[in-house]
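> Dropping the structure in here first, questions after.
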Amino acid sequence: MSSGLKGYNIRLDGVRVNDAPIPESGSWPLTGLDPATDYSGRITITAVDNAGNESPPISLADLEVAAATMNPSPDDPLPEETRAAIAALVEAKLKPATKVDGALIAVRTPIGSHDQAFGGDRTAGEPLTLVDKVRFGSCTKMYTNLLVLEQIDLGRLSFDDTLDQWVPGVANSDRITVRHLLMMQSGILDYLQQDAAVSQQYFLNPTQTVDPMGSILSYQPLYEPGESASYSNSNTVLLGKILEALDLEHGTGRDIRTIVLDFCSEYGLNETEWPTGNNMTPPYSRAFAPNLALPSIQAMLGPFAFLAGLFGVPTTAEIEWTAVSTTWAGAAGALAGTIGDLARFGELLRDAPMLSPELKQLQEEVFTTYSTYEPQNPWDGPGWLGFGLGVIQWGHWLGWIGNLGGYMSVCFYSVRDGSVIAVAMNYFGAPVVELFYEIAYLLDPESTLTPIATKVRPESIPPVAAVNRPGVYVAHDPGDEDGKTDVALKVPFYV
């Protein structure tokens with residue numbers, strides 16, 4: 001071929017069926033063929049350049065293979081160079097650069113997928129595998145939140161229902177709404193991170209069985225509902241209690257563990273579990289953490305710090321933090337499973353078959369400020385994180401970040417192209433969020449640069465996590481006053 005493409009010639013049994021080269025946009029003159037006949041070995045196609053030169057013939061079967069190669073699907077492997085680039089990003093986060101022993105990643109994109117295990121977990125030379133379970137930690141919140149949204153869609157619950165309608169006794173419960181709980185705007189103290197006594201007990205006695213409701217019921221509000229936003233495990237524990245109350249009213253009276261696991265089973269998340277003991281079902285990765293109590297012990301006891309070990313207080317620089325009672329986290333962080341199942345949940349969150357299109361669109365539009373920061377690297381994103389209706393927004397990605405015990409995890413999907421990234425590491429404090437940022441930037445830099453255009457998020461990023469309370473009213477049929485229903489944001493909600 002010596003010059004530009006003029007078109008194609010088509011031959012059936014060696015006989016050309018077109019009078020002139022067919023342009024790319026033209027129709028192919030193959031008519032009167034028998035649908036029951038296999039023509040793949042009898043039809044050939046050649047390309048013709050502007051000088052009249054003709055390429056060697058290619059069969060219809062070879063053309064179909066070539067077309068499949070040109071149009072990869074999510075089930076195909078990611079290109080080799082992309083897989084190698086991801087591997088380089090992951091390996092840079094493992095020992096000796098950090099204290100992280102191993103990592104698991106699962107990536108789903110429109111042009112291919114990739115799952116890989118890296119490193120180990122300080123067992124005798126055993127590498128991690130893709131069947132090893134890890135704790136999902138706070139990524140569990142998305143499962144609970146999705147179940148709450150499903151109940152809203154079913155009409156059994158409202159965004160504007162107040163907490164006291166379902167779980168009485170919490171301060172301000174007559175003014176805290178379901179929306180406030182979903183968007184972390186309740187003002188309820190986080191029992192696990194903001195209550196020093198609970199945090200210390202959690203670290204020193206992670207296998208102890210606890211009930212956080214006693215603490216949650218005792219707290220004074222941090223602020224009036226809707227006035228600000230702050231991360232609180234208490235919000236999701238309370239949403240779990242609401243789901244239990246709804247199941248008592250409309251179902252069989254299941255506890256939140258059974259409700260969540262039945263949901264996982266319904267959608268084929270069969271490698272996900274909510275452990276009732278202190279460890280997961282084997283095989284699983286072990287996990288480690290820095291000894292958070294050691295500085296205090298050394299400050300108090302000086303050269304006699306080793307004596308703390310006689311009372312069961314760890315005195316080593318690092319501890320194994322694999323065994324944890326899930327009662328510490330409940331609906332806010334109890335789940336564990338394989339990295340593949342975490343990615344499958346990301347796809348479920350993205351597709352949301354249990355939600356109406358209107359409610360799914362609302363979930364992708366309504367956000368308040370979670371935190372702001374100064375990006376230091378190209379992959380650090382827009383400097384803004386948002387709380388939404390059960391998801392965190394970063395750039396064009398929606399998902400959550402989790403930890404429980406010595407495990408760190410993330411799971412996000414992109415609203416631009418539907419890609420999913422799930423990452424887990426087996427060291428508390430591992431750079432799992434930075435790794436997610438870097439993989440997202442590698443796959444689609446544009447998806448990381450600006451937040452999703454929303455109807456609630458302020459035009460300029462506020463310096464503190466405080467915005468006005470959004471109001472949602474289902475008050476009219478689909479369409480605005482101009483009757484349009486096919487434009488983004490024109491849904492049967494006023495936001």
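> For P462, indicate whether it is at pLDDT 50 or above and assigned to a loop (DSSP other than H, G, I, E, B). Steps first, please.
Numbers: at pLDDT 50 or above: no; assigned to a loop (DSSP other than H, G, I, E, B): yes.
Taking the combined requirement at face value, the residue does not satisfy it.
> Among the candidates P221, P225, P206, single out the residue that is part of a loop (DSSP other than H, G, I, E, B) and at pLDDT below 95. Give the derivation first.
On the way: P221 fails: at pLDDT below 95; P225 fails: at pLDDT below 95.
Just one listed residue meets the conditions, P206.
Residue-wise test of (1) surrounded by fewer than 19 Cβ atoms within 10 Å (Cβ to Cβ); (2) in a loop (DSSP other than H, G, I, E, B).
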{"site": "A245", "(1), (2)": "yes, no"}
{"site": "F263", "(1), (2)": "no, no"}
{"site": "G268", "(1), (2)": "yes, yes"}
{"site": "P275", "(1), (2)": "no, yes"}
{"site": "N279", "(1), (2)": "yes, yes"}
{"site": "P282", "(1), (2)": "yes, yes"}
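> If a residue has to be exposed (fewer than 11 other Cβ atoms within 10 Å of the Cβ), of a type in the set (D, E) and either assigned to a strand (DSSP E or B) or at pLDDT below 80 (or both) to count, how many in segment 25-76 make the cut?
Residues in segment 25-76 being exposed (fewer than 11 other Cβ atoms within 10 Å of the Cβ), of a type in the set (D, E) and either assigned to a strand (DSSP E or B) or at pLDDT below 80 (or both): 2 in total.
> Can you name the condition, by its number, that D161 falls short on among (1) more than 30 Å from A92 (Cα to Cα); (2) modelled with pLDDT of 95 or more; (3) within 25 Å of the chain's Cα centre (by Cα)?
Of everything listed in (1) more than 30 Å from A92 (Cα to Cα); (2) modelled with pLDDT of 95 or more; (3) within 25 Å of the chain's Cα centre (by Cα), D161 misses just condition (3).
> What number goes with the only condition from (1) closer than 20 Å to N233 by Cα; (2) β-branched (V, I, T); (3) not assigned by TED's automatic domain parsing to the domain that holds F436 that V178 does not pass?
It fails just one condition, (3).
> Ok, one more. Quick check on P451: is it closer than 25 Å to L146 by Cβ and either surrounded by fewer than 24 Cβ atoms within 10 Å (Cβ to Cβ) or among the acidic types (D, E) (or both)?
On the way: closer than 25 Å to L146 by Cβ: yes; either surrounded by fewer than 24 Cβ atoms within 10 Å (Cβ to Cβ) or among the acidic types (D, E) (or both): yes.
Here the answer is yes, as P451 does meet what is asked.
> Consider T123 against the criteria (1) at pLDDT 95 or above; (2) over 24 Å from the mean Cα position of the chain (by Cα); (3) of a type in the set (V, I, T): it satisfies all of them except one. Which criterion is unmet?
(1)
> Let me ask you something else. Might you let me know whether segment 106-120 holds any residue that is at pLDDT 95 or above, of a type in the set (F, W, Y), out of contact with any Ser or Thr (no Cβ under 8 Å at 6 or more places or on another chain) and more than 22 Å from A332 (Cα to Cα)?
yes
> Here is a further query. In this structure, does G340 turn out to be touching a Lys or Arg at 6+ places or on another chain (Cβ under 9 Å) and either under 16 Å from L146 (Cα atoms) or not in a loop (DSSP other than H, G, I, E, B) (or both)? Break it down stepwise before answering.
Numbers: touching a Lys or Arg at 6+ places or on another chain (Cβ under 9 Å): no; either under 16 Å from L146 (Cα atoms) or not in a loop (DSSP other than H, G, I, E, B) (or both): yes.
No: the conditions fail for G340.
> Here is a follow-up. Let me confirm something: among A317, A329, A343, which residue is surrounded by fewer than 17 Cβ atoms within 10 Å (Cβ to Cβ) and under 24 Å from G406 (Cα atoms)? Outline the logic, then answer.
Values: A329 fails: surrounded by fewer than 17 Cβ atoms within 10 Å (Cβ to Cβ); A343 fails: surrounded by fewer than 17 Cβ atoms within 10 Å (Cβ to Cβ).
A317 is the lone residue from the list that is surrounded by fewer than 17 Cβ atoms within 10 Å (Cβ to Cβ) and under 24 Å from G406 (Cα atoms).
> May I pose another question? Quick check on segment 181-237: of everything there that is surrounded by fewer than 18 Cβ atoms within 10 Å (Cβ to Cβ) and of a type in the set (D, E, K, R), which residue is nearest to T372 (Cα to Cα)?
E227
> Taking R156 and the conditions (1) assigned by TED's automatic domain parsing to the domain that holds S265; (2) within 21 Å of the chain's Cα centre (by Cα); (3) of a type outside the set (A, V, I, L, M, F, W, C), which numbered condition does it fall short on, given that it satisfies the others?
(2)
The values are calculated or read from the model by the stated rules, or taken from the named source; none is laboratory data. Only a predicted model underlies this, so the values are computations on that prediction, with no experimental measurement involved. Don't worry about glycine lacking a Cβ; one is built from the backbone with ideal geometry, like all the others, and counts go over all protein chains shown.
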